[in-house]
Every structure is written in C-alpha cells, then in structure tokens.
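Below: the structure, in structure tokens.
Just so it is clear, none of the values below were taken in a lab; they were calculated from the coordinates. Computed from a predicted structure; not experimentally measured. For neighbour counting, all protein chains shown are included, and Cβ atoms are generated from backbone atoms with ideal geometry for every residue, glycine included.
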Amino acid sequence: MLHRTFSRRFLWLRLLRGGLVAGALYDLVFAVLMVGAPGLPARWFSLPLPGEAFYLWLIAAMLAMLATLYLAAARDPRRYSAIIAVAILGRGAGALVFALAAWGRPDLAGLWILSASDLGFALLHALSWLPLRT
C-alpha cells in the first residue's frame with residue numbers, strides 16, 4: 001500500500017515537472033519567434049502583427065522570464081510552489097483572455113488555438129500539482 005502511494009506521488013511529480021518544462025519551452029519558442037521571426041506565428045495563427053515591434057519584444061521578454069520561472073519550479077516544485085500556483089492561474093487567465101478576444105471575431109480565430117493551449121497547460125499543471133499538495 002505504501003509503495004503504491006509513493007509510486008503515484010512520483011508519477012504526479014514527473015507529470016508536473018514535464019508539464020512545467022513543456023510550458024517553459026512553449027514560452028521560449030514564442031519569445032524567440034516574436035523577436036526573430038514575428039511573421040511566422042502571425043501566419044500560423046492568421047493573426048495581425050502590431051504596428052510597433054516594441055510590443056512583441058516586451059511580450060517576448062515577459063515570456064522568457066516566465067519560462068525561467070517555470071524551469072525553477074520544475075527543478076524544485078516544493079520550494080517554488082507559489083510559482084506553480086501563479087502558473088495555473090496565469091494560464092487559466094490567458095486562456096480566458098484569448099477566448100474573449102476571439103469571441104465573435106473571425107479575423108482572430110487563431111487565438112482559439114492559443115486559448116486551448118493555455119487551458120491545457122493550466123489543467124495539466126493543476127491536475128498534476130494538486131495531488132502532491134495532500
């Protein structure tokens with residue numbers, strides 16, 4: 001019985017760490033693309049680019065910081081549990097914001113994919129972290 005409990009906890013921990021690393025890589029890829037090739041994700045999701053590159057650079061800097069925090073949390077989830085909680089809430093909020101922006105706007109339909117991605121990360125982080133909290 002005790003062995004099964006520990007096995008389950010390690011499974012949740014591996015899922016949590018893997019999800020955090022995947023979230024970090026996702027954010028880093030978008031950060032690099034926003035600076036180095038902004039037209040590429042714009043084409044992938046059929047989204048307009050902002051008039052000023054400054055806005056993309058600012059978002060890229062924030063995504064890079066977020067990715068770094070994700071990696072710290074993946075390395076030591078107990079120590080950085082506040083980051084995991086913020087990641088869950090932030091991804092959930094991101095999913096909601098993308099969905100609200102896309103709602104009724106066929107020209108922004110690519111945001112639904114980003115909304116689903118953020119929701120998926122929020123759920124993965126939450127479902128793998130909450131069993132470890134008990």
Table column - 3J(HN,Hα) (Hz), the range 34-40, Karplus curve with 6.51, -1.76, 1.60, x for Gly and Pro: 5, 8, x, 8, x, x, 5
The chain: angle of helix 81-102 to the longest principal axis, Cα-based, in degrees nearest 10: 30
Cα-projected label distance for Val29 with Ala93, points at 7 Å along beta-carbon direction, nm: 2.5
Nitroxide proxy distance, nm - points 7 Å out along Cα→Cβ at Arg43 and Leu123: 3.1
Nitroxide proxy distance, nm - points 7 Å out along Cα→Cβ at Leu11 and Ile59: 3.8
Degrees, to the nearest 10: 53-75 long Cα axis against longest axis of the chain: 10
